[in-house]
Structures are given as C-alpha cells and as structure tokens.
Amino acid sequence: GQDFSAGGPAFTYAEPGTIERVSPSRGPDLGGTRVTLFGEGFFAAANLSCSFGPLLTSPATLLASNIAVCTAPASPPGNVTVSLQGQGGAVLVSSVEEGGSHFMFESSVGLSHVHPATAPALGGTLVTLTAPGIVN
C-alpha cells in the first residue's frame, strides 16, 4: 500500500473535556439567561451549541479553551444537564461527567390576582398581589 499521510490533511483526537461550573446555575423557564460554562478541554467546532437537556439547544461562543457562553432557551421547569455540541449534535463536552454542573429552569411567577383593582392616584392604598409560587 501507499502512505498518504505525508503532507495531507491532519486529524487530531481530542481528550474529552468537562464542564466544571455553569454560571448562573439557574434561570427562568422563559429562557433568555446568558450562561457561562467553565471547564477544560473545550475546542472550536462547526456549529458550536449548548444543549440544555436532551432536546433544547442554543448557539454557543467559545471564548477560551475553558470558557464558552450561550443563552438558555425556554424550557419546562427542572434540572437539566448541559453540554457543548458540534456539527451534527456530536457532544464535545458534557456536565454529566463526575464533578460537572447542571442548570435549573425555575418556574416563572405570574400574577393571578390584584386587590383592589383600582386606587386613588394619591397613593396610600394597601394592595394585595396573589401569584402562585410566591412564598411569604
């Protein structure tokens, strides 16, 4: 056979990286939280994205070999694993590994009742707001 390795394109195997910390580690279920991933072994890939759980992805920006940023998408409330993915959804770095971190989507609070509904413009009226999920 012939040796085609000299002068041709190179291929490098990368050691698996880890996500050690996600900051912030929680945000609203409506999405929009700018999330920074800290770890080691991050590398540039085509179509880099953050995956929040098994189905939700968001474009990612690699700032360094240990820092990437992305924006959390909208999600049902709950704790999810976070990973960096490359083209085709290949997982490059995951928080599932030992010592990794997760992201918690928290329920958004919606106002369900205001009493009284109107009050004098001068102020001084005690207003009661009722919303599910608010604790005194």
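The numbers here are math on the coordinates, done by the rules we state, and not lab data. Remember, it's a predicted structure, so these values are computed and weren't measured experimentally. For neighbour counting, all protein chains shown are included, and Cβ atoms are generated from backbone atoms with ideal geometry for every residue, glycine included.
Within the range 11-104, report the chymotrypsin sites (Phe, Trp or Tyr not before Pro) that DSSP leaves as loop and that have at most 12 other Cβ atoms within 10 Å. If you can, show how the numbers build up before the last one.
Working: sites: 11, 13, 38, 42, 43, 52, 103; in loops: 11, 13, 42, 43.
Sites meeting the loop and neighbour criteria: 11, 13.
Assuming 0.36 nm per residue, please report the length gained on full extension of the stretch residue 63 to residue 36 beyond their Cα-Cα distance.
Working: separation 27, 0.36 × 27 = 9.72 nm, distance 0.97 nm.
Full extension of this stretch gives 8.7 nm more.
When a/c is below 1.5 the answer is rounded, else prolate if a/b is larger than b/c, else oblate, so apply that to the range 17-104 with a ≥ b ≥ c taken from the square roots of the Cα gyration tensor eigenvalues. Numbers along the way, then the final one.
Values: a/c = 1.55, a/b = 1.32, b/c = 1.18.
Here the range 17-104 falls in the prolate category.
What list of ³J(HN,Hα) couplings, whole Hz, do you get for the range 104-111 from phi and the Karplus terms 6.51, -1.76, 1.60, once you set θ to phi - 60° and write x for glycine and proline?
Each residue's phi maps through the Karplus curve to give 9, 8, 9, 4, 6, 8, x, 6 Hz.
According to a simple spin-label model (label point 7 Å from Cα along Cα-to-Cβ), what is the distance in nm between residue 74 and residue 111?
Calculated label separation equals 2.1 nm.
So if I place +1 on the C-beta of Lys and Arg and -1 on the C-beta of Asp and Glu, and nothing else carries charge, what would the dipole magnitude of the range 17-104 be about its Cα centre? I want it in debye, nearest 20.
Values: 3 positive and 5 negative charges, 47 e Å.
So the dipole magnitude of the range 17-104 works out to roughly 220 debye.
Between residue 35 and residues 5 or more places away or on another chain, which pairs have amide H atoms under 5 Å apart, with H built 1.01 Å from N, and which residues are they?
Distant-sequence amide H within range of residue 35: 70, 71, 72.
Skipping prolines and chain starts, which residues have an amide H placed within reach, meaning under 5 Å, of the one on residue 92, given they are 5 or more residues away or on another chain?
84, 85, 86
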